[in-house]
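The values are calculated or read from the model by the stated rules, or taken from the named source; none is laboratory data. All of these numbers come straight from a predicted model, not from anything done at the bench. Note that we place each Cβ from the backbone using ideal geometry, even for glycine, and neighbour counts take in every protein chain shown. Accessible surface is based on the protein model in full, side chains and every heavy atom, while ligands, DNA and RNA are left aside. Shrake-Rupley method; radii C 1.70, N 1.55, O 1.52, S 1.80 Å.
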Amino acid sequence: MFSAFDNAIKQLDQVVPLLEREYTNKKKLKQAINFLKKPQNFYKKNISIKLDNGKNKVFKAFRSQYNDARGPFKGGIRFHPNVSEDEMKALSFWMSVKCAVVDIPYGGSKGGVVVDPSVLSERELRQLSVKYAEFVTPFIGPWIDVPAPDVNTNGQIMAWMLESYEKKIGMHAPATFTGKPIALGGSQGREEATGQGGVYVLEQYLRTKKLKNERTTVAVQGFGNVGFWFAKFAKDAGFKVVAISDSSGAIYDRKGLNVDRLAALKEKYGSFSGASRGEKLEFVKSEDIFALDVDVFVPAALENAITKENAGKIKAKVVLEMANGPVTPEAEAILIEKGIDDIPDVLANAGGVTVSYFEWAQNLGGYYWTKEEVNKKLKPIMVSAFGDIQKTQKEKKVSYRKAAYFLAVKRIIDAMILRGRV
Ligand code: NAD
């Protein structure tokens, strides 16, 4: 059976030979790697809520705290039917890696509830959120573990959880959750941060290839939060965004798309296929977006979007992973074989967690920044993370992903050694 956590551990094992060259004390390294093969803490509970029909329903809830050597645990809360212990462990490991890649002072965690929230009423959803917050209250906090929204959770859910948590501890503690509404201490610029961060990374990549933004064509798969903001900032930065897809298919214009107009048409018609029937637009089938003759392909929709079945079709010079886990390991091998660079998710989409870190810092300081300040602080972090990874990738002659994992795991192990944990 497929295990995301087995995959995560494989990724860890793959960088061990590189790490062995870095540490003279092999025993400590071995201990640290063994330590990193499971979460530090794993909590689970059956939580029960009263449905609108008066019956009680029980849901499985989890919180996986992977490693906190570099700072408090940090990670989202997901409400989804596929949530499992295995998935929580894998996602919390990847959060540890992502925070270390951008060098922000956090460990990684992840939480979730096995539920299809679309069938819950607002009252039921609120009750579930409050019960989840009660479950995790003893082991979260600004200096312990800082949750955030993830799949099917949002600012409103964070607001309900914050209220529940603060009632219990008897004081305000907004830095316990990020991704909050602005009115409750959320950060300016959080909504667009993931897309903006990805554009900063892409610009750095192209600079090293001596390519100009204006000459670079981009195709974006997915037009949700990440895809929309990525496409919008890419266009503003001068890139030619020639194709954008949603789950119904893609709109293509080799002269470059008007991203705001597409957003308005998606709103009006509900989907790109609907928009293409109502307006004069060139429509491309979902699976054909992979084969477009573009410089940059940006999966920004789902995990496992690029597989061994479609990786061979990709003509782009670089794939920028804005979604989480959009390229399967077999597909990555095909891309590398074809000479296509694959910029991993733990770097490309880390702008979101970076602005979550800013939100936490603002809450702790009780002093709030403008959107301009947020963006000014985001850029150097993304630029520096890309620089570190590219330097490692060149020096060690490995893929971008391996370079990112190597750097991140080394940073985590260094912190563990400094603390005397191993
Ligand atoms: P979202 O739900 O807002 O958007 C997803 C989009 O993908 C939707 O527009 C949907 O129509 C589209 N889609 C679904 N199937 C598709 C298909 N087959 N082809 C093309 N498009 C398809 O989600 P989001 O917040 O934009 O997240 C997208 C990805 O980015 C996820 O993997 C998420 O985990 C990751 N991510 C998000 C953030 C964030 O800040 N939102 C941060 C880091 C990573």
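Here are the numbers for the structure shown:
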{"quantity": "Probe 1.4 Å, protein heavy atoms only - accessible area per residue of segment 226-357 in square angstrom", "calculated": "42"}
{"quantity": "Rounded, prolate or oblate (a/c below 1.5 giving rounded, otherwise prolate when a/b exceeds b/c) for the chain by Cα gyration tensor", "calculated": "oblate"}
{"quantity": "DSSP-assigned coil residues among trypsin sites (Lys or Arg not before Pro) in segment 15-88, each with at most 16 further Cβ atoms within 10 Å", "calculated": "21, 37, 55"}
{"quantity": "Counted charge near residue 328, where neighbours are those whose Cβ lies closer than 10 Å (Asp, Glu -1; Lys, Arg +1)", "calculated": "-3"}
{"quantity": "Whole-percent carbon and sulfur share, accessible surface of segment 295-422, 1.4 Å", "calculated": "53"}
{"quantity": "For segment 68-207, accessible area per residue (1.4 Å probe, heavy atoms of protein chains only), Å²", "calculated": "34"}
{"quantity": "Under 5 Å, built H, 5+ apart or other chain: amide partners of residue 244", "calculated": "220, 251"}
{"quantity": "Backbone HN-Hα couplings from phi across segment 75-84 [Karplus 6.51/-1.76/1.60, Hz, Gly and Pro as x]", "calculated": "x, x, 10, 10, 10, 7, x, 8, 4, 8"}
{"quantity": "Cross-link pairs beyond the 21 Å C-alpha cut-off, checked among 57/110; 55/89; 308/394; 38/397; 209/315; 212/379", "calculated": "57/110; 55/89; 308/394; 38/397"}
{"quantity": "Relative contact order for the chain, counting Cα pairs under 8 Å that sit 6 or more residues apart, in percent", "calculated": "16"}
{"quantity": "Distance between modelled label sites at residue 134 and residue 264, nm, 7 Å Cα→Cβ extension", "calculated": "4.8"}
{"quantity": "DSSP-defined antiparallel bridges as percent of all bridges, the chain, nearest 5", "calculated": "50"}
{"quantity": "Loop-located chymotrypsin sites (Phe, Trp or Tyr not before Pro) in segment 128-158 whose Cβ has at most 15 other Cβ within 10 Å (DSSP)", "calculated": "143"}
{"quantity": "Sites matching GluC sites (Glu not before Pro) across segment 19-95 that sit in DSSP coil, with at most 13 neighbouring C-beta atoms within 10 Å", "calculated": "22"}
{"quantity": "Extension reserve of the residue 394-residue 280 stretch, reckoned as 0.36 nm per residue once the Cα distance is removed", "calculated": "36.5 nm"}
{"quantity": "Equivalent ellipsoid, segment 73-171 (semi-axes from 5 times Cα gyration tensor eigenvalues, Å)", "calculated": "22, 18, 10"}
{"quantity": "Listed residues 12, 72, 49: farthest to the positive end of the dipole of segment 7-73 (Cβ charges)", "calculated": "49"}
{"quantity": "Relative contact order, percent, segment 217-271 [alpha-carbon distance under 8 Å, six or more residues apart]", "calculated": "33"}
{"quantity": "Over the chain: helical MRE at 222 nm, DSSP H runs n ≥ 4 each giving -39500 (n - 2.57), nearest 500", "calculated": "-14500 deg cm²/dmol"}
{"quantity": "Extended-chain gain in nm, criterion 0.36 nm per residue less alpha-carbon gap, residue 303 and residue 58", "calculated": "85.4 nm"}
{"quantity": "Proximal aspartates and glutamates to residue 28, defined as alpha-carbon separation beneath 13 angstrom and excluding residues fewer than eight positions away on the same chain", "calculated": "20, 414"}
{"quantity": "Alpha-carbon Rg/Rh ratio, for segment 306-422, with Rh computed the Kirkwood way", "calculated": "1.06"}
{"quantity": "For residue 84, net neighbour charge (Lys/Arg +1, Asp/Glu -1) across residues whose Cβ lies under 11 Å away", "calculated": "+1"}
{"quantity": "Calculated Rg and Dmax of segment 159-237 using C-alpha coordinates, Å", "calculated": "18.1, 57"}
{"quantity": "Local electrostatic count at residue 407 - Lys and Arg +1, Asp and Glu -1, tallied over other residues with Cβ under 12 Å", "calculated": "+2"}
{"quantity": "Whole-Hz ³J(HN,Hα) from phi, Karplus 6.51 cos²θ - 1.76 cosθ + 1.60, for segment 290-305, glycine and proline x", "calculated": "5, 8, 5, 7, 10, 7, 10, 10, 10, x, 10, 10, 9, 6, 6, 6"}
